[in-house]
Amino acid sequence: MLGELSEHKQQEFFTPLFLDKLIPEDHILKRVDRILELGWIRDEVRHLYSETMGRPSIDPEAAVRLMLAGFFQGIIYDRELMREAQVNLAIRWFAGFGVEDELPDHSTLSKLRTRWGIELFQKIFTSTVHQCIKAGLVDLETVHVDATLMRANASWESITEKYVEKVVEANDEVEGVEEKPGKKNVKKKKRRKGVKKGKTRKVKVSRTDPDSSVTKSTRFDKPQPRYKVNAAVDNKSGVVVDVFVTTGKTAEASVLVEQIDRIEKVTGVRPSKVTADTSYSTGENYEELEKREIKPVIPTRRLPRQGSRFPVMRFKYDAKHNLVKCPAGKKLVKGRRKDDKGYAYRADPGDCRKCKFRSECFSHKQHAREVLIVDGYPSLLRARRRNVESPVSQSEEYKRHKWLVEGRHGEAKTRHGQARASRRGIVQVAIQVFLTNAVMNLKRLAGPSIKGFGDLPLHVAGFCHYLATLDLLRTSNPHLKLSLPAYSN
């Protein structure tokens, strides 16, 4: 018999159920609500409000719950979030709003983020880390570190070019100013390294989001305005223990030590091992990890081809006496000036003029050989020897690094909207990243709907659980107590 639409389509005046009864027990927001602790936020922001003037604001905990609910659903825009909250009972219940309660305007959330500042949202993320530590999900035996690019909220129409040399010359301090009576001050301009005389460098920047950097992930990729998200993931349960945002062109190797310091400060424990890819394999990083007694699981980079000339490896470096000797046994003198990588050691032109290896060592246009010794060079040599004896890329820690930390970046981008920034400015982007990673930690803390099957959908996890229990029953254990879910054909 063909059914018909009920005649009672009009709005009901009374609902004989509590709102939480309409939400499934395995819903992610309901599972997170059982373990979420945000009561401390009110005291944290109390000093930003007047006790006697103005209208009452939205409850701070309710506002944060609205933001978190949006990231759980992969909603990063406030307008879209409030439209969804109008009809989504789970979001209303999670944020503490009833069916007939009026929701705040979308602009309220934007104003609150600006008023509260980035420190509060960093504390929200840190609080999830502390909860995961208390629950036994973090041991800090091994920490996986990696960075990924995040598309900025800027269009290509906003990209423009600026001449770096003109800006630098206008803002640099005056060098070599000589004051003499009766004469004007003479400014000695110094040409930047890598820029030919009479030419200037062009750099692409965004007018709407100048904090971002126009960069690309690979040499085949198209340059786009982006930020860089640096994350550290614990090996035990995949909990994100540290995350922060930099510009797109900031080298991830330069912030590794800062990440370790922050992890130790937040957790109170120093990691035993740190895994990272080859972009982190600098002498400074190896040296700092050795000082802190942390085992680096970082593969070294391949040595560049030197052609017919002697490579740097042929020069012996004595760290104790700070000396460098060439293949002919002559000493190279350390330069006075230091660049961002290390010191340059230069041979005596007189020694090079008489050397039998002159044609094999350097070009005929040069007068002497110069070798760059990077900071932490002894530690870098030791790391290369270890990598030759036992390749890091084949270790179990590095295999887990590939799917664990990169998997967290993929999860944040595909499920929680971290592929693109929703707002502009590095502060607002950092707030989005803190909330996104807080959501992923809360998911681990709340646990899956059926224990032991990760983030699988409920029906898939249930079927896996059904097969697993059948296999256990075959062991004929009389003390095993299991309840099998009912499945129909």
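Every number here is computed from the coordinates shown, using simple stated rules; none is lab data. Nothing here was measured: the structure is a model prediction, and the numbers come from that model. Because the Cβ atoms are built from the backbone with ideal geometry, glycine has one as well, and the counts that use them run over all protein chains shown.
Round to a whole angstrom and tell me the spacing of the C-alpha centers of the range 206-225 and the range 29-64.
Measuring centre to centre over Cα atoms gives 37 Å.
Just the Kirkwood number for the range 90-146, please: inverse of mean 1/r across all distinct Cα pairs, in Å, one decimal.
With all distinct Cα pairs of the range 90-146 included, I get 14.7 Å.
Step through the table entries Lys204/Lys228; Lys316/Lys341; Lys30/Lys228; Lys228/Lys295; Lys30/Lys402, compare each Cα-Cα distance with 22 Å, and write down the pairs that go over it.
Distance filter (> 22 Å) returns Lys30/Lys228; Lys228/Lys295; Lys30/Lys402.
Would you mind ranking Leu68, Leu109 by Cβ crowding within 10 Å, fewest neighbours first? Working shown, then result.
Values: Leu68 23, Leu109 20.
So the ranking, lowest neighbour count to highest, is Leu109, Leu68.
Which ordering of Leu89, Leu140 is given by a fewest-first count of other beta-carbon atoms within 10 Å?
Sorted ascending by nearby Cβ count, the order is Leu89, Leu140.
Quick check on the exposure proxy: order Ser395, Ser213, Ser50, Ser359 from fewest to most C-beta atoms within 10 angstrom. Walk me through the intermediate numbers first.
Values: Ser395 15, Ser213 23, Ser50 6, Ser359 11.
Lowest to highest Cβ neighbour count: Ser50, Ser359, Ser395, Ser213.
Expected output is a single nm value to one decimal: the length gained when fully extending between Ile294 and Val312, i.e. 0.36 nm times separation in residues minus the C-alpha distance. What is it? Don't jump to the answer; show the numbers that get you there.
Numbers: separation 18, 0.36 × 18 = 6.48 nm, distance 2.74 nm.
Working it through step by step, the gained length comes to 3.7 nm.
Mind giving me the nanometre distance, one decimal, between the label points for Glu161 and Arg358, set 7 Å out from Cα along Cα→Cβ?
4.4 nm
Taking the Cα centroid of the range 316-347 and of the range 358-420, what is the distance between the two, rounded to the nearest whole Å?
23 Å
Hey, any idea what Rg/Rh is for the range 312-376, computing Rh the Kirkwood way over Cα pairs?
Taking Rh as the inverse mean 1/r over Cα pairs, Rg/Rh reads 0.95.
Once label points are set 7 Å from the Cα along Cα→Cβ at both Ala135 and Asn387, what is their separation, rounded to one decimal in nm?
A separation of 3.7 nm, rounded to one decimal place.
If packing is taken as the average number of other Cβ atoms within 10 Å across a peptide's residues, how do 427-439, 253-265 rank, most packed first?
With the highest mean Cβ count within 10 Å placed first, the list reads 427-439, 253-265.
Where the centre of each part is set by its Cα atoms, how far does the range 93-114 sit from the range 259-284, in angstrom?
The range 93-114 and the range 259-284 have Cα centres separated by 38 Å.
Rounded to the nearest 0.05, what FRET efficiency do Lys236 and Leu38 have when you use their Cβ-Cβ distance and R0 = 25 Å? Before the final figure, lay out each step's value.
On the way: r = 25 Å, r/R0 = 1.00.
That pair, Lys236 with Leu38, gives E of 0.50.
Just grab the label-to-label distance for His47 and Val257, each label 7 Å out from Cα along the Cβ direction, in nm (one decimal).
So the label points at His47 and Val257 sit 3.2 nm apart.
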